[in-house]
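The values are calculated or read from the model by the stated rules, or taken from the named source; none is laboratory data. None of these values were measured; they are calculated from a predicted model. Cβ: placed from backbone, ideal geometry, glycine included. Neighbour counts: every protein chain shown.
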């Protein structure tokens, strides 16, 4: 299940809401000291939620909010201060050649009209089409567009292994992590768990991914049609897991029932198992350290 970004927190916010705000905001924090304290606090919450007071989470959340909003006020004094003036002057030198560029373009247009043969090179852009087709052939998720009539394509089988550009090697765990407690224990032991959610270009547009989370989405879609969500926090008082997209920073939440695999039968009589969260197909992966690492 998806959850929208929490933009504000108050003294009445619950511990889960405060932790959620801190988690989904931490990637925007640049202060290393603050990031270190956030990481230390979240680890404490994961091991024993009662060991971290709500007041401590609230103070940390306020500090995070202050760190994120502070840059907004900084531009005003920078413009008024005499020292940044030379820097702005250097930037102003750039527009001079930029203004000349439109004139060059106009001249090109004029020559294009007089020499129509030069339009031929424009057709070279057509070479991009084959590149897009190659990208569409990359997804390793086996799909079946008409397994179940009247529905979106189903991810019949997720890849056993994924070579992720930032997470490294991911191994599918279809027969593990069937309970929230198992997820909690894995995170406590330092295991990196990834919830790979099936999002094709059609899903992204039809389900309104960008609008749902208020985040930008990769123009070419997700590699392998999978949005990789890193499990960050497991609630103590409720069976809920928060996971953050490594691509868009959208925050997702998964409930205990989402972890149970459901048997699905296609129109052709074939049967397979799938995990669902509010209709979204997903599989759980472990990040494995290679010898090179």
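For (1) at pLDDT 95 or above; (2) outside any loop (DSSP other than H, G, I, E, B); (3) surrounded by fewer than 16 Cβ atoms within 10 Å (Cβ to Cβ); (4) not assigned by TED's automatic domain parsing to the domain that holds residue 223, each residue gets a yes or a no:
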| residue | (1), (2), (3), (4) |
| --- | --- |
| 159 | no, no, no, no |
| 163 | no, yes, yes, no |
| 175 | no, no, yes, no |
| 190 | no, no, yes, no |
| 194 | yes, yes, no, no |
| 205 | no, yes, yes, no |
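Residues being loosely packed, with under 15 Cβ neighbours inside 10 Å and under 21 Å from residue 164 (Cβ atoms): count how many of those fall in region 253-293. Counting residues in region 253-293 that are loosely packed, with under 15 Cβ neighbours inside 10 Å and under 21 Å from residue 164 (Cβ atoms) gives 6. Applying the set (1) assigned to a strand (DSSP E or B); (2) modelled with pLDDT under 95; (3) surrounded by 15 or more Cβ atoms within 10 Å (Cβ to Cβ) to residue 139 leaves exactly one unmet item: (1). Restricting the search to strands (runs of 3 or more DSSP E) fully inside region 222-279 and requiring at least 1 residues that are in contact with a helix residue (DSSP H, G or I) (Cβ under 6 Å, 6 or more places away or on another chain) gives 226-234, 240-245, 251-255, 271-277. Among the numbered conditions (1) at pLDDT 70 or above; (2) more than 20 Å from the chain's Cα centre (by Cα); (3) assigned to a helix (DSSP H, G or I), the only one that residue 46 does not meet is (1).
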